[in-house]
Amino acid sequence: MKITSALVAALIASSVTVAHASSDDAWSSFQAEVAKACVTAAKGLIENGKALVDPFGSQSYGLAVVSGKAVGVKVTISTICAFDKKTRKAEIGGEISADKLMVKTGK
């Protein structure tokens, strides 16, 4: 009986670790998907954009700020991006100048 209890406890402990790791992997994958979709959506506005992604977003949307050089001019701008979790499509807002919003992505 003691061996069975110990085995069950060990299996439960290992499944909690696996579930947590899988959850971290899922969030990392979600963040990468949001970043890619948002940078792509901003291509007409921002060249070589970098996305700063909210780690979890809202209940319905992944959220990010995309920053970089404005297309055709030598100024840095940002835009806000919403990624619909159901449709998997990203939409961007308008241009926000660097003096109003500056994001450092660390990359």
Inset, instruction - Determine the gain in length on full extension of the stretch GLU33-VAL75; use 0.36 nm per residue of separation and subtract their C-alpha separation, reporting nm with one decimal. - result: 12.5 nm
Legend entry - aspartates and glutamates with Cα under 18 Å of LYS74, excluding same-chain neighbours fewer than 8 positions away: GLU47, GLU95, ASP99
Legend entry - Pairwise centroid distance, computed over Cα atoms, of the range 62-101 with the range 23-55, Å: 10
Legend entry - Backbone HN-Hα couplings from phi across the range 56-73 [Karplus 6.51/-1.76/1.60, Hz, Gly and Pro as x]: 10, x, 9, 4, 9, 9, x, 10, 7, 10, 9, 10, x, 6, 5, 4, x, 9
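FYI, it's all coordinate maths here, none of it is from the lab. The structure presented is a predicted model; accordingly, all values stated were derived computationally and were not measured.
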